[in-house]
Structure formats: structure tokens, C-alpha cells
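See structure below.
Bear in mind these aren't lab numbers, they're just calculated from the coordinates by the rules spelled out. Owing to the predicted nature of the structure, the values given are computational and were not obtained by experimental measurement. No Cβ is skipped: glycine too gets one built from the backbone with ideal geometry, and neighbour counts run over all protein chains shown.
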Amino acid sequence: MSRARVGILASGRGSNFEALDRAMRRGEVPAEVVVVLSNRKDAPVLERAAGLGIPTQAVVADDRLEQEQTLLATLAQAGVEWVCLAGYMRVLGPAFVGAFPERILNIHPSLLPAFPGLAAQRQAIEHGVAISGCTVHFVDQGLDTGPIVGQAAVAVAPDDDEHSLAERILEAEHQLYPRCLRRLLVEPWRIEGRRVHWGSGVVA
Ligand code: GRF
């Protein structure tokens, strides 16, 4: 099977990037990370990726359109087929999303549609839920609203704070993201409305 060319967009430490890259190098996901881009020059993910021999670039611009045009040009140059957001802290505009139809994924640290946006783990603690988790979803133009590819549940312990919960959710994220990407690459699927349907058969 040919390996899909994946571009990563990340703003921070990059542990999800590493989990994806590791699973690819182990042969668990038929893909390779061909470029890692960030909207922050000082994002630790850039150093992590460079250390692994992956080309990196910081694309910093106040104007979103201008920034996205540069991102798109860089991704095109690297021959990227799939874009994985991994802690990318900027909402993508219509031109960017439209350039990769059904090929942009994000991971979010809650069971969407609960707690979209920033500090999802804090929102979960403050709301008092017993179960939270993480979601891999396609990216559309909303904030964490696209069709759901997969979810993993994480129980909230009575003595959890946002940090301890975030740590356990992160472990689940590192399993879920590669699993979802693998599934999309090896299984037939299609999106109808909000739903991702798996398999090539008729939907019941
Ligand atoms: C993760 O919790 C992810 O769900 C969210 O941002 C965080 C990124 O962490 N979108 P890392 O940079 O992958 O370690």
C-alpha cells in the first residue's frame, strides 16, 4: 500500500505529532509526515520534528489570509495529501479548508460536541462530568464542529483537576489519533451530512 503524505500543523509541544509519526514509522499507519508547520516560531514541535529529520517551517503572519496562502503553498510544495492538526491554535478559513476537502483532521480533548474551544479539560471539570475523553474529527469551518471520525472515553476521577484529567486524556489522544488516521487510510468510508459511514455497503 502506498503511504499517504501528511502535513502537520501545530502550535505547541507536539506530542500528538510524535504519536502519529511514531505509529507511521512502526508501520501501523500507512503514511509519512513530510512537513511540520507552525504559526509560532518558538513552538517546541518544530524542534522535535527537526530532530527526527522532518522539514519544518514557522509561518507567522498577522493577516490570516496571507498566512494561510503561505501554508497552502508550502503544503503543496511538499506534496501533502492529508493535513493533521495537532494542537493548532488558529481557526482555519474557508480557502484553506476548501483546498483539502475531506482531508483535514483535528484532535480535540473532549467528547464533542461537549466542550468545544479552549481549555476543554477545564470545562469538563467545571461542569462536573463523570466521563470526558477525546475526539478526532474532520475540520470544517466551525470551531471543533466537523464530522466525527472516532472518540475515546476517559473517566473523570473525583479528585481530578484539569491537569490530571488532561494528562490522562492526552494518553488516550496518542492512541486515538493514529488509529483514526489508519482507519481512514485502509477502510472505505464516506461522509453524509454530519456522519462518517464506514464500509462500502448500504447504510442501514
Ligand atoms: C491536545 O490536547 C489536543 O487535543 C489539543 O491540543 C493539545 C495539543 O497537545 N488540540 P500536543 O501539542 O499534541 O502535545
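Before moving on, here are some points about what is shown:
- For the range 75-108, the set of residues classified as without any contact (Cβ under 8 Å) to a residue 60 or more places away in the chain and away from the ligand (no atom under 16 Å from the Cβ) consists of Ala76, Gln77, Gly93, Pro94, Ala95, Phe96, Val97, Gly98, Ala99, Phe100, Pro101, Arg103, listed by residue number.
- Each residue in the range 146-174 was checked for being within 14 Å of the ligand (Cβ to nearest atom), touching a strand residue (DSSP E or B) at 6+ places or on another chain (Cβ under 9 Å) and not in a strand (DSSP E or B), and 8 of them qualify.
- Within the range 19-50, considering residues that are buried (at least 18 other Cβ atoms within 10 Å of the Cβ) and charged (D, E, K, R), the one farthest from Phe96 (Cα to Cα): Arg48
- Subset of the range 23-40 (residues that are farther than 19 Å from Thr74 by Cα and in contact (Cβ under 8 Å) with a residue 40 or more places away in the chain): Ala23, Met24, Glu28, Val29, Pro30
- Highlighted here are the strands (runs of 3 or more DSSP E) found entirely within the range 1-61 that include at least 2 residues which are within 15 Å of the ligand (Cβ to nearest atom) and within 15 Å of the chain's Cα centre (by Cα): 4-9, 31-38.
- Residue satisfying all of: in the range 75-91; assigned to a helix (DSSP H, G or I) and among the hydrophobic types (A, V, I, L, M, F, W, C); nearest to Asp63 (Cα to Cα) among these: Leu75
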